[in-house]
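Have a look at the structure below before the remarks.
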Amino acid sequence: MIGVVAAIVGGLIVGLKTPLLSPIIYLSKFRKDLFLILFFVYCLALGYELEITNIYDANLITIFAVILPSILLLDAGLRGESRGLVSYILIATILIGWFVKEVFIVAVLIALFYHFSEDHPKRGVFVVLASISLLIIGLIFGKSMLNLFGGSSTQVVFISAISILVVLLFWRKVETTKLFF
């Protein structure tokens, strides 16, 4: 539920309509193959609707307001979410973040820490910090090669490659699912 609320609020902050479809995607989590296909289409629609020509010139709040809730939505759909007092406090804080964007980003980061620390309390926070840090470090060191006019496609490929590397190195075991076709 945190991922859905964060996706909707993040979309409203940025002015996107695609995140309003996140409840439908989340409800498809009972069929993992359908969820993955819908999430893929959701990400494509987000990328189409959010027009950024260069990540280095874009507003970081805009980028984080779209990317971080998407990670929460993906993990919630694949693994499920816990319910409890902390979850409801995080949802309330995310809703408050609708009015104060910085509070939203901090609340979503805390939700990521909380969500990933459920399986491995010490390792979960490390994984989130290491993942975000490696991505930022890679973008900083690659700025001279990636900061080009019309270089957004190269930046997306770079971010995807770093993200896949981080997932394979730090996150829990990646389980495969068989698609229905």
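The values are calculated or read from the model by the stated rules, or taken from the named source; none is laboratory data. Keep in mind the model is a prediction, meaning the values are calculated, not measured. We place every Cβ from the backbone using ideal geometry, glycine too, and count neighbours over all the protein chains shown. In case anyone asks, the SASA skips ligands and DNA or RNA and just uses the protein heavy atoms, side chains included. Shrake-Rupley method; radii C 1.70, N 1.55, O 1.52, S 1.80 Å.
Odds and ends about this structure:
- Just one of the numbered conditions (1) closer than 26 Å to PHE158 by Cα; (2) surrounded by fewer than 16 Cβ atoms within 10 Å (Cβ to Cβ); (3) among the hydrophobic types (A, V, I, L, M, F, W, C) is not true of ALA76: (2).
- Some residue of the range 55-68 being part of a helix (DSSP H, G or I) and polar (S, T, N, Q): yes
- Every condition in (1) of a type in the set (Val, Ile, Thr); (2) surrounded by fewer than 18 Cβ atoms within 10 Å (Cβ to Cβ); (3) closer than 26 Å to TYR88 by Cβ is met by THR62 except one, and the failing one is (3).
- Among the conditions (1) assigned to a loop (DSSP other than H, G, I, E, B); (2) acidic (Asp, Glu); (3) exposed (fewer than 14 other Cβ atoms within 10 Å of the Cβ), the only one that GLU81 does not satisfy is (3).
- Applying the criterion of being part of a loop (DSSP other than H, G, I, E, B) and under 18 Å from VAL100 (Cα atoms) to the residues of the range 1-38, the residue that is most open to solvent (accessible area, probe 1.4 Å) is GLY15.
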